[in-house]
Amino acid sequence: MANTPITVAHGDGIGPEIMDATLHILKEAGARLDIETIEIGEKVYNSGNSAGIAPESWESLRRTRVFLKSPITTPQGGGFKSLNVTVRKSLGMYANIRPCVSYAPFVDTRFPVMDVVIVRENEEDTYGGIEHRQTDMVEQCLRLISRPGCEKIVRYAFEYAQKNDRKKVSCFVKDNIMKQTDGLFHKVFDEIAPEYPNIENESWIVDIGAAKLATAPEMFDVLVMPNLYGDILSDVTAQMTGSVGLAGSANIGENVSMFEAIHGSAPKRAGQNKANPSGLFLGAVMMLIHINQPDIATLAHNAWLKTMEDGVHTYDIAREGTTKQTVGTKEFAEEVCKRIGQKPATLKAVDYKIIEESGETATKPLYTIREPQKKELVGIDVFVHWWNGKFFSAADELGALVEKVNGDGAKLVMISNRGTKVYPNGQPDTFCVDHWRCRFMSDTDGGTLTKQQVINLLGRFEANGLDFIKTEHLYNFDGKAGYALGQGQ
Ligand code: NAD
């Protein structure tokens, strides 16, 4: 069988050691790979490239479409972009898959029954990094969630569950608060779930869901969630298995996919031959499955499971009672190689199959293109930078000023401060900062506004010395409000 070209980056800190160990095991297991090596991380950043990756490296990634990557050290301070986020987003890696499994009783953990897979949305949410300072007191992060983004990740989660004989997919959102953004994620989940009648589905509000996951992980199987929740909860969940060094991750895109450990470059452990290579190794096992070398993935993964079971451990998981031999990074890889061909006796052995595109999967598109809906401008939120030196009971004074700009078909219906309605009839105890949202609607019931009316309105703000700092249009889509009410409106 022909070799598969892959791109490899050895990374920073413990990266080179864990990559050498991982590649050694893959080679001994018979992986059919043609490796192209690229340089990323510290060296590239320090050469003056603020992206941390050279232009020719992108060509390698686009050519091989498979990237096995060690962690890198992100330089602290301004000017440097996170390479991980850049690579994931630039190459459209929409799904981040993070299996977190307990290996009890061989690896010490308080959660002996745990086998969950976190499917984290990887391109959107607060990770857009669209942030602005708007007033003396307020910074904003714009959180964008798209329908195709939700469709891709939810579809991926159910397809993953189906292909891997998983029983349930749980959705974690906070749509009791973020009714528009997390509301869309939840809605898409509810639309797609019935297409998989054999897979149970459920939704949790992320706070109580996270509490359950952190105390009773046996309740869960596959989890799907927006980017930020997934980032946090997958680290928590990996650590619960015994060490963050035990979890691998796959970043799946339509064209290019990347496989890595979930942990960072652990600079304090660098060059000591101590780090656990298991996270990167398990990422590499996912890569072998992805490139359709399930035979090698099975051989290598079973040898690794047997090594865990034999109590051959790196320092991070070494415990009295479970560990028989504490070894370094290189020696650990050697021990895994010695066990190639063996299977674990107690832990569940793996048996990966060739991926065949079933007709059914092929007919289900990752995302749908919908007819545009009828969009009507029914109002506008004008945000104002204003401060009269008072944190309490300032809103009526601003209200009186803003009422003056009413007219030409637009009328002020409320003012809110960080989302809470404070005018008219605000509560004197609401704490207010210098960032106000003034909501204007058409002054005829159910009426609309034109863009010209909006421009005229802003002209009146300017003429009245009111410092508007941004606007948000209020649209109805097919007659349904596409905006949230203010808290208390
Ligand atoms: P880290 O994951 O590197 O380390 C956290 C802790 O876990 C440390 O105590 C470390 O010793 C331990 N640890 C991590 N991996 C281990 C392993 N394989 N074996 C044994 N112990 C291990 O997180 P950090 O210290 O917050 O970050 C260090 C650097 O890594 C930072 O520059 C950060 O930006 C970067 N980082 C990179 C990635 C990536 O490249 N994917 C991910 C996270 C952090």
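Determine the dipole magnitude for the chain: charges of +1 sit on the beta-carbon of Lys and Arg, -1 on that of Asp and Glu, nothing else is charged, the reference point is the Cα centre, and the result goes in debye to the nearest 20.
In total the dipole reaches around 200 debye.
Which one of PRO99, MET178, THR64 is farthest out on the positive end of the charge dipole of the chain, using unit charges on Cβ (Lys, Arg +1; Asp, Glu -1) and the Cα centre as origin?
Of PRO99, MET178, THR64, it is THR64.
Out of residues 5 or more away from TYR352 or on other chains, whose amide H comes under 5 Å of its own, with H placed 1.01 Å from N in the peptide plane?
THR298
In whole Hz, with x marking every Gly and Pro, tabulate ³J(HN,Hα) for the range 336-353 from phi via Karplus 6.51 cos²θ - 1.76 cosθ + 1.60, θ = phi - 60°.
5, 4, 4, 9, 4, x, 9, 10, x, 8, 9, 5, 6, 6, 9, 8, 7, 10
From the phi angles alone, apply the Karplus equation (6.51, -1.76, 1.60; θ = phi - 60°) to the range 139-152 and give each ³J(HN,Hα) in whole Hz, x where the residue is Gly or Pro.
Each residue of the range 139-152 in turn: 10, 10, 10, 8, 9, 9, 10, 10, 5, x, x, 5, 4, 4 Hz.
For the range 206-284, build the charge dipole from Cβ charges (+1 Lys, Arg; -1 Asp, Glu) around the Cα centre, then report which of GLY209, LEU228, GLY248 sits farthest towards its positive end.
GLY248
Evaluate 2.2 N^0.38 Å with N set to the residue count of the range 401-476, then give the Cα radius of gyration divided by it.
In units of the 2.2 N^0.38 Å rule of thumb, it is 1.11.
Within the set LYS375/LYS470; LYS43/LYS89; LYS69/LYS343; LYS179/LYS421; LYS187/LYS421; LYS167/LYS330, which residue pairs have Cα atoms separated by over 29 Å?
The pairs that break the limit, which is 29 Å between Cα atoms, are LYS167/LYS330.
Please compute the Kirkwood hydrodynamic radius of the chain from all pairs of different C-alpha atoms, in Å with one decimal.
Evaluated over the chain, this radius sits at 25.2 Å.
Please work out the Cα center distance from the range 157-228 to the range 442-489, rounded to the nearest Å.
Here the two parts' Cα centres lie 35 Å apart.
Could you compute the longest span of the chain free of GluC sites (Glu not before Pro) located in DSSP loops and having at most 14 other Cβ atoms within 10 Å, not counting the site residues?
It works out to 1-253.
How far is helix 451-463 tilted off the main Cα axis of the chain, in degrees rounded to 10, range 0 to 90?
With both axes taken from Cα atoms, the answer is about 70 degrees.
Explain nothing, just compute: Karplus ³J(HN,Hα) = 6.51 cos²θ - 1.76 cosθ + 1.60, θ = phi - 60°, for every residue of the range 184-195 in order, whole Hz, x for Gly and Pro.
Going residue by residue, I get 5, 4, 5, 4, 5, 4, 5, 6, 7, 3, x, 6 Hz, with x marking Gly and Pro.
Hey, can you grab everything whose amide H is under 5 Å from the amide H of CYS100? Only 5+ residues off in sequence or another chain; H modelled, so Pro and N-termini drop out.
For CYS100, whose amide H was placed from the backbone, the distant partners under 5 Å are VAL116, VAL117, ILE118.
For the chain, which longest stretch is free of loop sites, where a loop site is one of the trypsin sites (Lys or Arg not before Pro) that DSSP puts outside H, G, I, E and B and that has at most 12 other Cβ atoms within 10 Å?
168-323
Could you tell me the calculated FRET efficiency between LYS168 and ASP443, based on Cβ-Cβ distance and R0 = 45 angstrom, to the nearest 0.05?
The calculated FRET efficiency here is 0.30.
Report the full-extension gain for the segment ILE35 to ALA270: residue separation times 0.36 nm, less the Cα-Cα distance, to one decimal in nm.
82.2 nm
In square nanometres, what is one fourth of the surface area of the convex hull spanned by the alpha carbons of the range 259-344?
It is 5.7 nm².
Would you mind checking LYS174/LYS480; LYS27/LYS168; LYS27/LYS348 for any pair whose Cα atoms are more than 27 angstrom apart?
LYS27/LYS168
Using only the alpha carbon atoms of the range 170-243, find the Kirkwood hydrodynamic radius as the inverse mean reciprocal pair distance, in angstroms to one decimal.
12.9
How much length would be gained if the chain were fully extended between ILE130 and ASP467, taking 0.36 nm per residue of separation minus their Cα-Cα distance, in nm to one decimal?
The ILE130-ASP467 span can extend by a further 119.1 nm.
Report, to one decimal in Å, the Kirkwood hydrodynamic radius for the range 115-240 based on all distinct Cα pairs.
Taking the inverse mean of 1/r over all distinct Cα pairs, the range 115-240 comes out at 15.0 Å.
Using +1 on the beta carbon of Lys and Arg, -1 on that of Asp and Glu, and nothing else charged, what's the dipole of the range 375-481 about the Cα centre, debye to 20?
180
Calculated from DSSP H runs of 4 or more alone, at -39500 (n - 2.57) each and per residue, what is the 222 nm mean residue ellipticity of the chain, nearest 500?
So the helix-based figure for the chain works out to -10000 deg cm²/dmol.
Using the basic label-point model (7 angstrom from Cα toward the beta carbon), what is the TRP58 to GLN140 distance in nanometres?
Output for this residue pair reads 2.9 nm.
Values quoted throughout were computed directly from the atomic coordinates according to the rules given, and no laboratory measurement underlies them. Keep in mind that this is a model prediction, so the values were computed, not measured. Note: ideal-geometry Cβ built from the backbone for every residue, glycine included; neighbour counts use all protein chains shown.
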